[in-house]
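Trainee: Below: one structure in structure tokens.
The values are calculated or read from the model by the stated rules, or taken from the named source; none is laboratory data. Given the structure is predicted, the values throughout are model-derived calculations rather than measurements. Cβ placement follows ideal geometry from the backbone for every residue including glycine, while neighbour counts extend to all protein chains displayed.
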């Protein structure tokens, strides 16, 4: 099945794509960086590094964290983070709709065994 993937490069070391967006969506669902990372089969360290990169990329944080302890830690996607997710998913839908005829033509031209 043909699939279109949207990646937005803001600079050499600043990008968002389907992986980071999915991590944010899972983080919003679970309230935990560790749980979101596990759901994507990635280590806590990798998930934390991606969240840190996202927070450092924008003027406003996309994720707010609270330290652990007796009450436990946690993380939540900020209102700005929700906007980032929403804008990305909107752009993804628009790109898929605009490029669907081209993708259909290319897929029809594939050599299938």
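Trainee: Using beta carbons and a limit of 7 Å, which pairs, at least six apart or on different chains, have the first residue in region 1-27 and on the phi < 0 side of the Ramachandran plot and the second one modelled with pLDDT under 95 and part of a strand (DSSP E or B)?
Mentor: 27/75
Trainee: Also, I was wondering about something else. Give just the number: which of (1) over 15 Å from the mean Cα position of the chain (by Cα); (2) within 19 Å of residue 15 (Cα to Cα) does residue 75 not satisfy?
Mentor: (2)
Trainee: Another one. (1) surrounded by 17 or more Cβ atoms within 10 Å (Cβ to Cβ); (2) under 14 Å from residue 82 (Cα atoms); (3) in contact with a strand residue (DSSP E or B) (Cβ under 8 Å, 6 or more places away or on another chain): which one isn't true of residue 33, the others all being true?
Mentor: Just one mismatch for residue 33, condition (2).
Trainee: Considering region 44-83 alone, what residues qualify as being surrounded by 12 or more Cβ atoms within 10 Å (Cβ to Cβ), in a loop (DSSP other than H, G, I, E, B) and modelled with pLDDT under 95?
Mentor: Once the filter is applied, which keeps residues that are surrounded by 12 or more Cβ atoms within 10 Å (Cβ to Cβ), in a loop (DSSP other than H, G, I, E, B) and modelled with pLDDT under 95, region 44-83 yields only 73.
Trainee: Would you mind finding the one in 3, 87 that is modelled with pLDDT under 95 and either part of a helix (DSSP H, G or I) or under 30 Å from residue 108 (Cβ atoms) (or both)?
Mentor: 3
Trainee: Condition first: surrounded by 13 or more Cβ atoms within 10 Å (Cβ to Cβ), over 18 Å from residue 7 (Cα atoms), out of contact with any strand residue (DSSP E or B) (no Cβ under 6 Å at 6 or more places or on another chain) and free of Cβ contacts under 8 Å to residues at least 60 places away in the same chain. Can you find one or more residues in region 86-103 that meet it?
Mentor: no
Trainee: While we're on this one: Within region 6-23, which residues are part of a loop (DSSP other than H, G, I, E, B) and surrounded by fewer than 13 Cβ atoms within 10 Å (Cβ to Cβ)?
Mentor: Result: 7, 12, 13.
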